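*Asks:* Sharing a structure below in structure tokens format, with a few things to ask.
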Amino acid sequence: MEEKKYELGDIVELKKKHPCGSLQWEVVRMGADIKIRCLGCDHLVMIPRVKFNKQLKKVVRKEN
Ligand SMILES: [Zn+2]
């Protein structure tokens with residue numbers, strides 16, 4: 001599988017839908033763990049980078 005590139009502040013879509021119905025998340029912290037915020041309900045989640053990479057469907061870049 002190809003490596004998808006993402007940066008802090010990017011909007012990403014995950015394969016799994018959050019219970020609130022949103023697929024899109026904002027990357028708010030990067031490290032060994034990725035911290036993301038659900039755009040639907042503001043819920044914050046920490047995911048190990050390896051797991052995040054598997055869940056990542058696509059990166060929706062910010063406008064700037
Ligand atoms: Zn949500």
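*Asks:* Among the residues of the stretch 1-30, which ones are assigned to a loop (DSSP other than H, G, I, E, B) and either under 9 Å from the mean Cα position of the chain (by Cα) or within 14 Å of the ligand (Cβ to nearest atom) (or both)? If you could, list the steps in order and put the result at the bottom.
*Replies:* Step one: filter the stretch 1-30 for residues assigned to a loop (DSSP other than H, G, I, E, B), giving 1-10, 15-23, 30.
Tyr6, Asp10, Lys16, Lys17, His18, Pro19, Cys20, Gly21, Ser22, Leu23, listed by residue number.
*Asks:* A further question follows. Just to be sure I understand, how many residues within the stretch 31-64 are outside any loop (DSSP other than H, G, I, E, B) and either over 18 Å from Lys5 (Cβ atoms) or of a type outside the set (Lys, Arg) (or both)?
*Replies:* Initially, the stretch 31-64 is screened for residues outside any loop (DSSP other than H, G, I, E, B), giving 33-38, 44-60.
With either over 18 Å from Lys5 (Cβ atoms) or of a type outside the set (Lys, Arg) (or both) added as a condition, the list becomes 33-34, 36-38, 44-48, 50, 52-53, 55-56, 59-60.
Residues flagged as outside any loop (DSSP other than H, G, I, E, B) and either over 18 Å from Lys5 (Cβ atoms) or of a type outside the set (Lys, Arg) (or both) within the stretch 31-64 amount to 17.
*Asks:* Return the residues of the stretch 31-47 that are modelled with pLDDT of 95 or more and more than 13 Å from the ligand (Cβ to nearest atom); say none if nothing qualifies.
*Replies:* Here is the first cut: in the stretch 31-47, the ones modelled with pLDDT of 95 or more are 33-47.
Answer for the stretch 31-47, where residues must be modelled with pLDDT of 95 or more and more than 13 Å from the ligand (Cβ to nearest atom): Asp33, Ile34, Lys35, Met46, Ile47.
*Asks:* Considering each residue of the stretch 1-27, count those that are exposed (fewer than 14 other Cβ atoms within 10 Å of the Cβ), within 20 Å of Arg61 (Cβ to Cβ) and touching a Leu at 6+ places or on another chain (Cβ under 8 Å), and give that number.
*Replies:* 2
The values are calculated or read from the model by the stated rules, or taken from the named source; none is laboratory data. Every value quoted in this text rests on a predicted model; they were computed, and no experiment measured them. Heads up, the Cβs are rebuilt from the backbone with ideal geometry, glycines too, and the neighbour counts pull from every protein chain shown.
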